[in-house]
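Q: Below you'll find the structure I mean.
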Amino acid sequence: MEHLLTAAFLGSLLLGAVTAGVPLLLAGLGEQISEKAGVLNIGLEGMMLFGAYFGFAVAYQSGSFALGFLAGGAAGAVAALVMVLLCVRLGMNQIVVGIAITLAGEGLTALLHYFTFARSYPRLDKIGTLAVPGLSGLPVVGDALFNRSLLVYLAVLLPFALIWVFRRTQFGLNLQAAGDKPAALDAAGVSVMGTRAAAVLLTGFLGGLGGAYLSTVGGGLFLPFMTGGAGFISIVLAMLARGKPLWVLFGAFLFGASLSLTTAMQVAGIDVPTDVIQMLPFAMVILVLVVFGRHSYLPPALGLPYHRGER
């Protein structure tokens, strides 16, 4: 009996870690791209909320999860346009604009949900999964890790793709220069504003995609304020990852596991106050910041506007 409870707990914990970790992974990788280019995207929470609402609404109306994911990513990118125009183009304070985007995301998505669905909260059917032959049948871990939707597999592969982009492509080198030495990038004839704008739009798309996954797959419905600080946790992950995408991958699933502890303990019959469990992810953020925060790497030009001709 004890063995069965342990297996049920581990299986539920892994299942929840992946479900809760994928939005953090996508948003965290997006934030890492933005920070490399020198833009601190505090508005990530709002972009995730826009992605969550529009991703759910389109998936619900069309019956297509793929369209929902695309709509969520596009909504996040449109929200990121505000940061491109105000911060990258006009040089306004990135923190102030980011907070404004987050507050707008919270208010507008709640209002849009009310106008669209009134006081009802419709649900989506479960998304189809792709089982990995030979691995999906493994005990405990098989169904949790190797019988997931296509987006989960793509999200896990994304950090490896970004490693190649950062190290082997001109775009990756431009991102690094835009955050470290924007004047040198400008002198080389590459647009600092263009590089930063592309980075912020990618951040918005990935953040919106993470929000869409959260509402369509993670919950199956949209709730106002449903991100619950996931955007800010993603910012912390990106900062502590020191420019290394694999660290974002590890951190996202670690925090995802802490977010899913409540369900896993209920499955295993472990009685722990819900408030204590819900506090764990944020307590973990504080602990990680205390232990590793001083070792984090931030680009020298992070948060600083750049105007052509400056040195």
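Q: Output the number of residues of region 219-242 satisfying the condition of being of a type outside the set (A, V, I, L, M) and surrounded by fewer than 20 Cβ atoms within 10 Å (Cβ to Cβ).
A: Looking only at that region, the number is 8.
Q: Let me ask you something else. Residues V190, V200: which one is farther than 30 Å from D125 by Cβ and either among the charged types (D, E, K, R) or modelled with pLDDT of 95 or more (or both)?
A: V200
Q: Return only the number of the condition from (1) within 15 Å of L223 (Cβ to Cβ); (2) touching a Phe, Trp or Tyr at 6+ places or on another chain (Cβ under 9 Å); (3) buried (at least 24 other Cβ atoms within 10 Å of the Cβ); (4) not β-branched (V, I, T) that F50 does not satisfy.
A: (2)
Q: Next question, about the same structure. Every residue in region 53-90 that is surrounded by 15 or more Cβ atoms within 10 Å (Cβ to Cβ) and of a type in the set (D, E, K, R), please.
A: Those that are surrounded by 15 or more Cβ atoms within 10 Å (Cβ to Cβ) and of a type in the set (D, E, K, R): none in region 53-90.
Q: Given the criteria touching a Phe, Trp or Tyr at 6+ places or on another chain (Cβ under 9 Å), of a type in the set (A, V, I, L, M, F, W, C), part of a helix (DSSP H, G or I) and modelled with pLDDT under 70, does M265 qualify?
A: yes
Q: Hey, any hits in region 74-83 for a residue that's without any contact (Cβ under 8 Å) to a residue 40 or more places away in the chain and in a helix (DSSP H, G or I)?
A: For region 74-83, residues without any contact (Cβ under 8 Å) to a residue 40 or more places away in the chain and in a helix (DSSP H, G or I): present.
Q: Go through region 226-246 and give me each residue that's assigned to a helix (DSSP H, G or I) and either under 10 Å from L29 (Cα atoms) or polar (S, T, N, Q) (or both).
A: Those that are assigned to a helix (DSSP H, G or I) and either under 10 Å from L29 (Cα atoms) or polar (S, T, N, Q) (or both): S234, I235, L237, A238, P245, L246.
Q: Looking at (1) assigned to a helix (DSSP H, G or I); (2) more than 30 Å from L112 (Cα to Cα); (3) more than 14 Å from the chain's Cα centre (by Cα), which is the only condition A197 fails?
A: Of the numbered conditions (1) assigned to a helix (DSSP H, G or I); (2) more than 30 Å from L112 (Cα to Cα); (3) more than 14 Å from the chain's Cα centre (by Cα), the odd one out for A197 is (2).
Q: Do we find that T195 is farther than 21 Å from T19 by Cα, modelled with pLDDT of 95 or more and surrounded by 15 or more Cβ atoms within 10 Å (Cβ to Cβ) in this structure?
A: Against the criterion (farther than 21 Å from T19 by Cα, modelled with pLDDT of 95 or more and surrounded by 15 or more Cβ atoms within 10 Å (Cβ to Cβ)), T195 qualifies.
Q: Let me ask another. Tell me which helices (runs of 4 or more DSSP H) are completely within region 91-191 and hold 3 or more residues being touching a residue at least 40 places away in the same chain (Cβ under 8 Å) and surrounded by fewer than 16 Cβ atoms within 10 Å (Cβ to Cβ), or say none if there are none.
A: The qualifying helices (runs of 4 or more DSSP H) are 94-117.
The values are calculated or read from the model by the stated rules, or taken from the named source; none is laboratory data. Keep in mind that what you see is a predicted model, and the values were worked out from it rather than measured. We place every Cβ from the backbone using ideal geometry, glycine too, and count neighbours over all the protein chains shown.
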